[in-house]
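Engineer: Could you have a look at this structure, given as structure tokens, before my questions?
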Amino acid sequence: MATSLDQLFAKVRAENRAALIAYIPAGFPSIEGCHKAIKALVAGGVDAIEIGFPYSDPVMDGPIIQAAAERSLSQGTGASDVFAALKCATDAGVSAVVMTYWNPIEKYGVDEFAQSISENGGSGVITPDLTIEESERWSEAAHAHKINRIYVVAPSTNDGRLEKVTSQCSGFVYVASLMGVTGTRTSISSGAGDLVARVRKVTDLPLAVGLGVSNRVQAKEVAHYADGVIVGSAFIKCLAEAEDEAQGLEAITELAKELSKGVREGR
Amino acid sequence: MTKIESTILGHFGPYGGRFVPEALIGALEELEAAHNSALKDPVFQAELSHLHLTYTGRPSILTEAKRFAEHAGGARILLKREDLNHTGSHKINNVLGQALLTKRMGKKRIIAETGAGQHGVAAATAAALMGLECVVYMGEEDTRRQSLNVARMKILGAEVIPVTTGSRTLKDAINEAMRDWVTNVETTHYLLGTVAGPHPFPTMVRDFHKIIGEEAKIQVQELVGRLPDAVLACVGGGSNAIGIFHDFIPDTSVRLIGLEAGGDGVETGRHAATITGGSPGVLHGTRSYVLQDKNGQTVESHSISAGLDYPGVGPEHAYLHDIGRAEYRAITDAQAMHAFALLSKTEGIIPAIETAHALAGAIQVGNELGPDAILLINLSGRGDKDVETAAKYFGIQL
């Protein structure tokens, strides 16, 4: 059975464009503010939303997402808030997934986590620190609850391993554009296109590129070769730097509109 | 006989493994291959042995603590003097091994995390010796607690980066080091200082420290004609403990006792006793015991000892605990500081506060077993770095 995310990528392929995927941590800027931000992102035209499970030790994240996670956790964000945000996104009419480090899943219960994703309308989970070697229990749970398993591949992933990792993926493959942590970059590494080309050789799955994209020009550039463009830190920065809530929400809607033009200009 | 071997994926029963961003897999595989080939390479082993003989000061001696023993039920107390190693702790065993591996892999830069500063100093020392660039991440809170070691690292030519995220201690220093590594993995080796982290670190770091137990086993038998009744060591991440335990694991008559940092007392929640007070989970790339809340968020640890102030523990310890081969107890700050003062006054040896936890354990176990018992304690580090903390604790005017 195809998830909402599978259907989205079929649709954007038919439209000959890339999908725009936004990332926001649950509970940021506040529990309630996150729900408003999700609606503002949808109003700006994002195709899918990744709800981040804020974590105390985010080794893959740069300063912007670290600060957002810390702010969210200081307000007591927990698993129920993550699932509420997921439901908020799917209720707003977009595909949604959760992105989380592994330990919160293990603590919640592996099967229970997959079940809660499914029950709240989620399409799947991105697990940036779950290696395929450790993924057996997760594979079973995701399969049982019919959700997508999305793994990250990096420029350092060799061809043999790309084949192994992507064979475990569904929904899309998260292609990290560079070696490093999340955050906005002034330019997108030329390595991203090369990596996408290498991944294409081993899988027919949609490929979404993340790490560093923050503006329309970059979105257009990535949309030229990728099926999805993932933007996180740039949205979070808008919310974190806004003078008040209304201004922050307006800013992310505007940015989403710009980016959604970008993903339609790539080809 | 219990034999502990990590498998290809570095598992110890349900613990260990690899939970890391895909970007690091290549580097971990490269490191695993380098370590495996070095283990079989007589030239590498000879080079490391030569360094230990001429630079570290190995073998480290065994000292019998007779006056201290009077306070430990009269049991014979044998101290394995890792504090006499160059740089003042057991940490040098691991850094020399990993620095040689760094050169073997053709990398020119090492990064390290440090809590008390002992590992940072050892890493900076090895880098100076072998001409490597060295960056040490250290929680801002720890740079204050251990300012002397910060100065030592700088004198040795390392760059010390204070980490201002999270709890600003060892856990956050590891996060920051891992971020650096993800970014610079092609040129950089992450010289992790304990038996935690993703495979191959828990196995590799143990292999570089197991010389402690191998030497001690011979020394104890030469001195007393038999194996000890118990081997004791403090446990933060657990490198000095695994180092002295490992060769005794098959000797089931020998009790292996790890002393964790109980802080204000495990019941207060302000402690760093991960096995005693934590639960299984994943932190910093490995599955082990973790101090965590109901959402799987790491809980901040507390200890007077910066080197034990860590909410995780090596996966091999988690396994040794679960199968009942080793036992783990919590020692409070107060108990550790009592032992710190006692060893100083009875033996003329100022131990590291980390090590004082093991000595407090020796007082307990000695009193339990009585005068016929023979206890081997890993005196893992010297206390010069802790003089300021101790002076403050005991109200000594500086």
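Engineer: Here is a check on your reading of the model: is A:Ala79 more than 12 Å from every other protein chain (Cβ to nearest Cβ) and either without any contact (Cβ under 8 Å) to a residue 60 or more places away in the chain or in contact with a Leu (Cβ under 9 Å, 6 or more places away or on another chain) (or both)?
Structural biologist: Criteria not met by A:Ala79.
Engineer: Being without any contact (Cβ under 8 Å) to a residue 12 or more places away in the chain and within 14 Å of chain B (Cβ to nearest Cβ), is that true of even one residue in the stretch A:59-66? Spell out how you get there, then give the answer.
Structural biologist: As a first pass, look at the stretch A:59-66 and keep what is without any contact (Cβ under 8 Å) to a residue 12 or more places away in the chain: A:66.
Now narrow it down to the ones that are within 14 Å of chain B (Cβ to nearest Cβ): A:66.
Yes, the stretch A:59-66 contains at least one residue that is without any contact (Cβ under 8 Å) to a residue 12 or more places away in the chain and within 14 Å of chain B (Cβ to nearest Cβ).
Engineer: For the stretch A:200-220, which residues satisfy the criterion of being in a helix (DSSP H, G or I), surrounded by 21 or more Cβ atoms within 10 Å (Cβ to Cβ) and not polar (S, T, N, Q)?
Structural biologist: Taking the stretch A:200-220 as the starting set, the residues that turn out to be in a helix (DSSP H, G or I) are A:200, A:216-220.
Adding the requirement that they be surrounded by 21 or more Cβ atoms within 10 Å (Cβ to Cβ) leaves A:218-219.
The one that is in a helix (DSSP H, G or I), surrounded by 21 or more Cβ atoms within 10 Å (Cβ to Cβ) and not polar (S, T, N, Q): A:Ala219.
Engineer: Could you tell me whether B:Arg255 is more than 14 Å from chain A (Cβ to nearest Cβ), modelled with pLDDT of 95 or more and surrounded by 20 or more Cβ atoms within 10 Å (Cβ to Cβ)? Spell out the reasoning first.
Structural biologist: On the way: more than 14 Å from chain A (Cβ to nearest Cβ): yes; modelled with pLDDT of 95 or more: yes; surrounded by 20 or more Cβ atoms within 10 Å (Cβ to Cβ): no.
No.
Engineer: Scan the helices (runs of 4 or more DSSP H) fully inside the stretch B:129-198 and keep the ones with 3 or more residues being in contact (Cβ under 8 Å) with a residue 24 or more places away in the chain and within 10 Å of chain A (Cβ to nearest Cβ).
Structural biologist: Working: elements: B:140-145, B:147-155, B:170-184.
Fully inside the stretch B:129-198 and qualifying: B:170-184.
Engineer: While we're looking at this one, here's another question. Which residues, counting only those in the stretch A:28-58, are more than 14 Å from A:Val98 (Cβ to Cβ), more than 8 Å from chain B (Cβ to nearest Cβ) and charged (D, E, K, R)?
Structural biologist: The answer is A:Glu32, A:Lys36, A:Lys39, A:Asp47.
Engineer: Given the criterion open to solvent by less than 40 Å² (accessible area, probe 1.4 Å) and either over 27 Å from B:Val313 (Cβ atoms) or not charged (D, E, K, R) (or both), identify the matching residue among B:Leu129, B:Leu48.
Structural biologist: Values: B:Leu129 fails: open to solvent by less than 40 Å² (accessible area, probe 1.4 Å).
One residue alone meets the criteria, B:Leu48.
Engineer: Can you tell which of B:Gly73, B:Gly26, B:Gly17, B:Gly88 is in contact (Cβ under 8 Å) with a residue 24 or more places away in the chain, among the small types (Gly, Ala, Ser), on the phi > 0 side of the Ramachandran plot and within 14 Å of another protein chain (Cβ to nearest Cβ)?
Structural biologist: Working: B:Gly73 fails: within 14 Å of another protein chain (Cβ to nearest Cβ); B:Gly26 fails: on the phi > 0 side of the Ramachandran plot; B:Gly88 fails: within 14 Å of another protein chain (Cβ to nearest Cβ).
Of the residues listed, the single one that is in contact (Cβ under 8 Å) with a residue 24 or more places away in the chain, among the small types (Gly, Ala, Ser), on the phi > 0 side of the Ramachandran plot and within 14 Å of another protein chain (Cβ to nearest Cβ) is B:Gly17.
Engineer: Let me ask another. Read through the list (1) surrounded by fewer than 24 Cβ atoms within 10 Å (Cβ to Cβ); (2) under 30 Å from A:Glu134 (Cα atoms); (3) in contact (Cβ under 8 Å) with a residue 24 or more places away in the chain; (4) touching a Ser or Thr at 6+ places or on another chain (Cβ under 8 Å), then give the number of the only condition that B:Asp83 fails.
Structural biologist: (2)
Engineer: Sort out which residues of the stretch A:148-183 are part of a loop (DSSP other than H, G, I, E, B), within 11 Å of another protein chain (Cβ to nearest Cβ) and not polar (S, T, N, Q), and write them in order of number.
Structural biologist: A:Tyr151, A:Ala154, A:Pro155, A:Leu178, A:Met179, A:Gly180, A:Val181, A:Gly183
Engineer: Right, another one. Being within 14 Å of chain A (Cβ to nearest Cβ) and not polar (S, T, N, Q): is that true of B:Arg67 here? Don't jump to the end; show me each part of the working.
Structural biologist: Working: within 14 Å of chain A (Cβ to nearest Cβ): no; not polar (S, T, N, Q): yes.
No.
Engineer: Collect the residues in the stretch A:102-147 that are under 16 Å from the mean Cα position of the chain (by Cα), away from chain B (no Cβ under 14 Å) and in a helix (DSSP H, G or I), keeping them in residue-number order.
Structural biologist: A:Ile117
The values are calculated or read from the model by the stated rules, or taken from the named source; none is laboratory data. These numbers come from a predicted model, not from an experiment. FYI the Cβ positions are ideal-geometry reconstructions off the backbone, even for glycines, and counts take in every protein chain you see. Accessible surface areas use protein heavy atoms only, side chains included; no ligands, DNA or RNA. Shrake-Rupley method; radii C 1.70, N 1.55, O 1.52, S 1.80 Å.
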